[in-house]
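The values are calculated or read from the model by the stated rules, or taken from the named source; none is laboratory data. Every value quoted in this text rests on a predicted model; they were computed, and no experiment measured them. FYI the Cβ positions are ideal-geometry reconstructions off the backbone, even for glycines, and counts take in every protein chain you see. For the accessible areas, the whole protein counts, side chains as well, though only heavy atoms, and no ligand, DNA or RNA atoms are used. Shrake-Rupley method; radii C 1.70, N 1.55, O 1.52, S 1.80 Å.
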Amino acid sequence: MNDQSTLSDIHFILHEVLKAPVHLQALPAFAEVDADLMHQVLDEAGKFVGEVIAPLSRTGDEVGCQFANGQVTTPPGFKEAYQAFWQAGWPSLACVPEDGGQGLPGVLEAVLYEMLSGANHGWTMAPGLLHGAYECIKHHASDALKALYLEKVATGEWLATMCLTEPQAGSDLGLVRTKAVPQADGSYRLNGTKIFISGGEHDLTDNIVHLVLARLPDAPPGPKGLSLFLAPKFMPDGSRNTVYCERIEEKMGLHGSATCVMRFDEATGWIVGEPGRGLSAMFVMMNSARLHVGLQGIGLLEAAWQKADAYAKERRQMRAPGRGTSTAEADPIIEHPAMQRILDTQRAWIDAGRVLAYKTALELDVIKHHPDSARKAEAERWCSLVTPVLKAAWTEQAFKGSSECLQVFGGHGYVREWGIEQIVRDSRVAMIYEGTNEIQAIDLLVRKVLADGGAGLMALLQTLSDAQTDHNALNRLFKTQMTALCDLTRKLVAACATDKALGYWVADDYLRAVALTLLAWAWTHIEQVAMVAEDARWIRPADALQHWVLPEFAMRVQIIAARLP
């Protein structure tokens, strides 16, 4: 990967397009955070990722995690890299200083995890849940639990898991059967089996903090009967808790990450938050994870594009159209329109994804630190509506786009030597975990847009439109799509009032229409800044967006309209 070009693009979007330092300095907690500091942190992050984490990716895939006698051994180099990672302070970037953190903006952590995911997705699964676990413990755990676990998780000295899924309870967590029985000393005994637990067992850290959804003896059925518990691998006195890894899954990709079947056999745990409010506490963790999964999509697509772009500049085949008829010398395949179309289309998705993801991370900082409640409410609206779009649309594009990038290599892409096939395999799971993409679409349309009659989404789009001052072609296209999307939303709200199933039928199409509208909005900002700076590198992706990406919007609207009464 060309780390310098990646960092250059990241800095451009953060500083020139989003004006991140200006927005952050308006928050009292980040008054001292300027562009130089952000540059320094991200440049050092890029160096660490490129030198320490990226070289382990192929080994992680080929050797994978090994399971024997209930223990998991991570691939060669993974443990040493993780120890260097947490000791250098990278997991604690956005944690507050009193918890052992550095008190920096969450957007820097977001960029770090985008880079990590693109460099080595399997390794990055290990620390990927840390910040969500930190927020969950910080906001919901007792003072006694915080004293024991908060700083260890904040700094990354101990890793954490999110134990939700069971064999019969995937997307429907109301079916969870794991039991929690209260004890006289205030602890609980946990009994049950959890599956698909990333990092449930490993050798990276001395302890693992499991956050477990379970049901109290008198709990009602369904999701309202779930409570959240903290069950460590090792107890405070050093003894081993009765939490066991029964096996690890043989997977399509992510071989460097152990996906575990975990058995809680009279395991000791302590409740986090209030009884029956486990999902509320866990959603703090899940929402953080969903933004990170969207960032995984961006990072993986960037990694695939980098490989394909470099290959296309070197590989020579035939004369490109319009470059003469001589066969004496072949052209680099990047001169061929078919290859340019593939590469420029992925760049359109990557760069717009960064605008939306970084803005979401900035809005999360606003929610935490802005003194004005109205501004916080606006930020909450953005995060609520945009996070499921980021998670679903950009993980789908990571898989489909990396497959398109593999096409650039021809037959060479299908063999392991070039590394592109690993990205295709690794990226596929992001469409499934942390809530499948279908669940994200239902969350957006049914639970959020229909729930308030479309008012929130239409207000967000109107705010984006009102802030536009430029009148270039992309801006006109965005406003056309925005108007059509608002009109469609009104019709959907009316139709779904009598047809309760309709929203579920068209949710995927609706999320895509929203994603394409936000794509257009993001690119109006990129193009406007690039034109002022006379930066030609953004011209071709902007053209690809208009010709090859945004026409899908009309198709999605038509699909939905055909189901309306």
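One line per residue, one yes/no per condition, for (1) modelled with pLDDT under 95; (2) open to solvent by 20 Å² or more (accessible area, probe 1.4 Å); (3) closer than 15 Å to S288 by Cβ:
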| residue | (1), (2), (3) |
| --- | --- |
| V107 | no, no, yes |
| L112 | no, no, yes |
| S117 | no, no, yes |
| G122 | no, no, no |
| A133 | yes, no, yes |
| I137 | no, no, yes |
| A141 | no, no, no |
| A144 | no, yes, no |
| A147 | no, yes, no |
*Hey, could you check segment 466-480 for residues that are part of a helix (DSSP H, G or I) and open to solvent by 10 Å² or more (accessible area, probe 1.4 Å) and say which is modelled with the lowest pLDDT?*
A473
*asked:* Return the pair list, or none, for Cβ contacts closer than 6 Å from residues in segment 505-532 that are more than 29 Å from R563 (Cβ to Cβ) and at pLDDT below 95 to residues that are among the charged types (D, E, K, R) and not in a helix (DSSP H, G or I), at least 6 apart or on different chains.
replied: Q528/D470
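When the residues of segment 491-508 are narrowed to those that are within 21 Å of Q462 (Cβ to Cβ) and touching a helix residue (DSSP H, G or I) at 6+ places or on another chain (Cβ under 8 Å), which ends up most open to solvent (accessible area, probe 1.4 Å)? If you could, list the steps in order and put the result at the bottom.
Residues of segment 491-508 within 21 Å of Q462 (Cβ to Cβ): 491-494.
With touching a helix residue (DSSP H, G or I) at 6+ places or on another chain (Cβ under 8 Å) added as a condition, the list becomes 491-493.
Values: K491: 106, L492: 1, V493: 40 Å².
Per the stated criteria, the residue is K491.
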*H202 fails exactly one of the following numbered conditions: (1) over 30 Å from P75 (Cβ atoms); (2) part of a loop (DSSP other than H, G, I, E, B); (3) not small (G, A, S). What is the number of that condition?*
(1)
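Can you tell me which residue among Q296, Q306 is out of contact with any helix residue (DSSP H, G or I) (no Cβ under 6 Å at 6 or more places or on another chain), open to solvent by less than 50 Å² (accessible area, probe 1.4 Å) and of a type in the set (S, T, N, Q)?
Working: Q296 fails: out of contact with any helix residue (DSSP H, G or I) (no Cβ under 6 Å at 6 or more places or on another chain).
Residue meeting the stated conditions: Q306.
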*Give the number of residues within segment 1-20 that are in a helix (DSSP H, G or I) and under 14 Å from G118 (Cβ atoms).*
6
*Within segment 21-38, which residues are part of a helix (DSSP H, G or I), more than 22 Å from the chain's Cα centre (by Cα) and not charged (D, E, K, R)?*
P21, V22, H23, Q25, P28, A29, F30, A35, L37
_Near pairs, Cβ below 7 angstrom, 6+ apart or cross-chain, from segment 142-155 (free of Cβ contacts under 8 Å to residues at least 40 places away in the same chain) to any residue that is of a type in the set (A, V, I, L, M, F, W, C)_ = K146/I137
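Hey, any hits in segment 235-246 for a residue that's hydrophobic (A, V, I, L, M, F, W, C) and either touching a Gly at 6+ places or on another chain (Cβ under 7 Å) or over 16 Å from L159 (Cα atoms) (or both)?
Checked against the condition, which is being hydrophobic (A, V, I, L, M, F, W, C) and either touching a Gly at 6+ places or on another chain (Cβ under 7 Å) or over 16 Å from L159 (Cα atoms) (or both), segment 235-246 yields at least one hit.
Yes/no per residue for (1) of a type in the set (D, E, K, R); (2) more than 17 Å from G170 (Cα to Cα); (3) in contact with a Phe, Trp or Tyr (Cβ under 9 Å, 6 or more places away or on another chain); (4) surrounded by fewer than 20 Cβ atoms within 10 Å (Cβ to Cβ):
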site: E417; (1), (2), (3), (4): yes, yes, no, yes
site: I420; (1), (2), (3), (4): no, yes, yes, no
site: R425; (1), (2), (3), (4): yes, yes, no, yes
site: E434; (1), (2), (3), (4): yes, no, no, no
site: V446; (1), (2), (3), (4): no, yes, yes, yes
site: A451; (1), (2), (3), (4): no, yes, no, yes
site: L457; (1), (2), (3), (4): no, yes, no, no
_Quick test of your reading of the structure: G89 fulfils all but one of (1) surrounded by fewer than 19 Cβ atoms within 10 Å (Cβ to Cβ); (2) in contact with a Phe, Trp or Tyr (Cβ under 7 Å, 6 or more places away or on another chain). Name the failing condition by number._
(2)
*Tell me which residues, restricted to segment 540-565, are within 15 Å of I13 (Cα to Cα) and either at pLDDT below 90 or of a type in the set (A, V, I, L, M) (or both).*
A542
*Inspect all residues belonging to segment 384-392 and state whether any of them is over 26 Å from K19 (Cβ atoms) and open to solvent by less than 10 Å² (accessible area, probe 1.4 Å).*
yes
*So which of A308, A219 ends up being within 25 Å of the chain's Cα centre (by Cα) and in contact (Cβ under 8 Å) with a residue 12 or more places away in the chain?*
A308
*Give me a count of the residues in segment 239-258 that are β-branched (V, I, T) and outside any loop (DSSP other than H, G, I, E, B).*
2
*Does A154 fit the bill of being touching a Phe, Trp or Tyr at 6+ places or on another chain (Cβ under 6 Å), of a type outside the set (F, W, Y) and buried (at least 24 other Cβ atoms within 10 Å of the Cβ)?*
yes
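Somewhere in segment 41-61, is a residue in contact with a Cys (Cβ under 6 Å, 6 or more places away or on another chain) and within 30 Å of T242 (Cα to Cα)?
Looking for residues that are in contact with a Cys (Cβ under 6 Å, 6 or more places away or on another chain) and within 30 Å of T242 (Cα to Cα), one finds none in segment 41-61, hence no.
So in segment 157-174, with the set limited to residues that are of a type in the set (S, T, N, Q) and outside any strand (DSSP E or B), which one is surrounded by the fewest Cβ atoms within 10 Å (Cβ to Cβ)?
It comes out as Q168.
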*Applying the selection to segment 175-199, what residues are in contact with a helix residue (DSSP H, G or I) (Cβ under 9 Å, 6 or more places away or on another chain) and either within 23 Å of G89 (Cα to Cα) or assigned to a strand (DSSP E or B) (or both)?*
S198, G199
*Any residue at all in segment 423-444 that is at positive phi, out of contact with any Asp or Glu (no Cβ under 9 Å at 6 or more places or on another chain) and not in a helix (DSSP H, G or I)?*
yes
_Those residues of segment 41-64 which are surrounded by fewer than 19 Cβ atoms within 10 Å (Cβ to Cβ) and either among the β-branched types (V, I, T) or farther than 19 Å from W90 by Cα (or both), in sequence order_ = R58, T59, E62, V63
*Considering only segment 175-195, how many residues are open to solvent by 60 Å² or more (accessible area, probe 1.4 Å), among the hydrophobic types (A, V, I, L, M, F, W, C) and modelled with pLDDT under 95?*
1
*Within segment 329-340, can one find any residue that is open to solvent by less than 30 Å² (accessible area, probe 1.4 Å) and of a type in the set (S, T, N, Q)?*
no
*asked:* Report every pair of residues separated by at least 6 positions or lying on different chains whose Cβ atoms are under 8 Å apart, first residue within segment 226-255 and under 17 Å from C163 (Cβ atoms) and hydroxyl-bearing (S, T, Y), second open to solvent by 10 Å² or more (accessible area, probe 1.4 Å) and part of a loop (DSSP other than H, G, I, E, B).
replied: S227/L216; S227/A219; S227/G273; S227/E274; S227/P275; S227/G276; S227/R277; Y244/G70
_Here is a check on your reading of the model: is V272 within 30 Å of E109 (Cα to Cα), at pLDDT below 95 and out of contact with any Lys or Arg (no Cβ under 8 Å at 6 or more places or on another chain)?_
no
